[in-house]
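Down below is the structure, laid out as structure tokens.
Just so you know, all these numbers are worked out from the coordinates, no wet-lab data involved. Values in this document were obtained by computation on a predicted structure and should not be read as measured data. Using ideal geometry, Cβ is built from the backbone for each residue, glycine included, and neighbour counts are taken over all protein chains shown.
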Amino acid sequence: MALSTVPQALSDAAATHPEAEAVADGPVRLTFAELLDQVRTAARFYLAQGVQPGEHVAVWAPNTYRWVIAALGVHYAGATLVPINTRYTAHEALDILERTRAAALVVAGPFLGVDRLAELARLTDKLPPTLVLADRGALGGPERPVEPRSGVTAWDELAAAAASVSVETADAAAAAVTPDDVSDVLFTSGTTGRSKGVQSAHRQALDVARAWAECGEVGPTDRYLIINPFFHSFGYKAGILVGLLTGATIVPMAVYDPEAAMALVQDERISVLPGAPTIYQTILDHPRRGDYDLSSLRFAVTGAAVVPVTLIERMQSELDIDIVLTAFGMTEAVVVTMCRRDDPPEVVARTCGRVTAGFEARIGEQGELLLRGPNVMLGYLDDPAATAEAIDADGWLHTGDVGTIDEAGYLRITDRLKDMYISGGFNVYPAEVEQTLARLAGVAEVAVIGVPDERLGEVGLAVVVALPGATLTSPGIVAFCREQLANFKVPRRVEFRTTPLPRNPSGKVLKTVLREDYS
């Protein structure tokens with residue numbers, strides 16, 4: 001019988017591979033048996049804080065072993081995981097906490113120069129019970145003590161804070177989780193500019209992870225360097241959950257650096273390394289690549305941007321990676337298509353592969369890709385109207401992507417009905433940026449488009465029409481965005497127009513015209 005809840009997958013991994021290394025994060029090494037034990041403790045902590053089955057627990061932290069424990073502990077307690085993007089500002093994170101009515105919060109200590117808990121505390125005095133992962137040791141510096149504060153628990157206080165709840169109570173909560181319970185809510189911005197919480201069930205989270213692992217032939221001898229953020233489905237479902245299902249060792253990386261990544265590949269004998277094309281390009285072109293032994297690499301998955309055929313060929317020849325695949329996914333469906341081991345480089349580079357994880361795919365009106373199957377999201381959190389708009393009466397998810405499917409079933413994405421662009425592997429939805437800029441004094445009109453960038457694939461270009469007499473500047477606009485938005489959403493270029501933005505008869509900005517003007 002296939003495992004159908006995350007707690008089942010964890011317990012099975014601990015029973016099947018008790019002494020095998022589950023997580024390797026610097027000096028920290030956890031076997032699957034030890035991982036289960038620590039996850040139980042995290043679950044007992046949440047239960048001691050009054051978290052009830054089905055309630056939301058948010059995790060706002062970078063990739064470390066503590067994220068793995070904290071997140072799996074949410075599942076083990078019967079609650080629903082809400083990962084928050086580490087690039088989000090406190091304003092953005094607080095919006096998610098409020099909309100999910102989070103019963104608890106897990107947050108990093110200072111990371112990338114930002115103390116997220118302090119930033120949140122400046123915005124509100126109504127934070128839920130909070131666990132601080134003050135894990136500077138795993139991030140390359142000394143661990144800092146957590147400032148004592150009401151409602152805040154430091155990681156080294158976790159066991160004491162969990163003591164009032166027994167192991168048996170935690171195990172009972174895990175056993176009560178059902179396959180159709182909501183496992184997680186991952187937020188993704190919509191074309192209206194307001195983020196949407198995508199709900200998935202336990203059975204769905206595991207199904208897509210299982211399908212991804214099967215395409216890559218991942219097994220218990222693999223060691224998986226997870227650079228993709230845990231807050232993203234790529235790092236969480238096609239990462240952590242793949243490790244649980246296959247017995248592969250999870251090696252988290254909090255901040256990507258090509259030389260540090262090569263050192264990890266060498267020292268940890270990494271065999272699985274997925275990521276955006278930029279990751280492989282920076283490794284291939286690094287002047288010190290020859291100093292590192294990368295021969296352990298055998299499986300790579302890329303996508304989220306145009307992939308040159310030459311990159312696939314170099315990954316296979318220069319890095320000697322046996323299986324190089326491309327894939328297509330989205331938060332509402334996670335892993336939709338993947339290439340297969342025997343696909344030639346041209347197919348891998350120019351298509352997104354064939355459907356997997358039980359999906360059906362067809363091309364609808366205007367060439368839009370439609371998806372149907374058991375792993376289409378349950379719906380958007382508290383937004384039945386948006387759910388009905390996305391999933392029609394026949395169960396087809398309208399992706400907003402334009403593509404083609406050839407006779408062999410291979411998908412190619414050729415355009416987007418939506419205006420979303422991808423910057424450094426992160427989806428950026430212009431409407432959200434436009435709504436932020438519309439609040440800036442002096443802005444009469446604004447449109448944001450994605451333009452090509454050699455390093456990041458695409459970056460944002462803001463086209464601004466100023467009010468008469470306004471003294472707007474490009475640096476000022478960028479600085480305003482940096483205060484309000486995650487870094488990957490901030491436009492890298494600003495262009496001013498003295499004439500109105502081009503619009504169609506219904507008043508919608510013609511972004512195709514803008515792209516031609518600024519390409």
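Observations
- Relative contact order [Cα under 8 Å, 6+ residues apart], segment 1-127, whole percent: 22
- Intensity falloff of segment 363-519 expressed as log10 I(q)/I(0), Debye formula with alpha-carbon point scatterers, at q = 0.11, 0.14, 0.15, 0.16 Å⁻¹: -0.55, -0.84, -0.93, -1.02
- Expressed in units of 2.2 N^0.38 Å, where N is the residue count, the Cα radius of gyration of segment 261-342 is 1.10.
- Over the chain, relative contact order from alpha-carbon pairs under 8 Å, at least 6 apart, %: 11
- Here the contact order of segment 363-519, divided by its residue count and restricted to Cα pairs under 8 Å and six or more residues apart, works out to 16 percent.
- Ordering of 116-122, 401-407 by packing [mean C-beta count within 10 Å, highest first]: 116-122, 401-407
- Cα-derived Rg over Rh, computed across segment 151-258 with Rh taken as Kirkwood radius: 1.03
- Debye equation applied to the C-alpha atoms of the chain, log10 I(q)/I(0) at 0.11 Å⁻¹: -0.98
- Estimated at 0.36 nm per residue, the fully extended path between R492 and D382 surpasses their Cα-Cα distance by 36.2 nm.
- Kirkwood Rh and Cα Rg combined as Rg/Rh, segment 3-43: 0.98
- Normalised convex hull volume, segment 206-332, alpha-carbon set, Å³ per residue: 94
- Dimensionless Rg/Rh of segment 1-151 - Kirkwood Rh, Rg from C-alpha atoms: 0.97
- Counted by Cβ distance under 9 Å from L3, the other residues give a net charge of 0, where Lys and Arg count +1 and Asp and Glu count -1.
- 4 °C / 1.567 mPa s Stokes-Einstein diffusion coefficient of segment 316-367, Kirkwood radius on C-alpha pairs, µm²/s: 106
- Per principal axis, descending, Cα span of segment 431-500 in whole Å: 36, 24, 20
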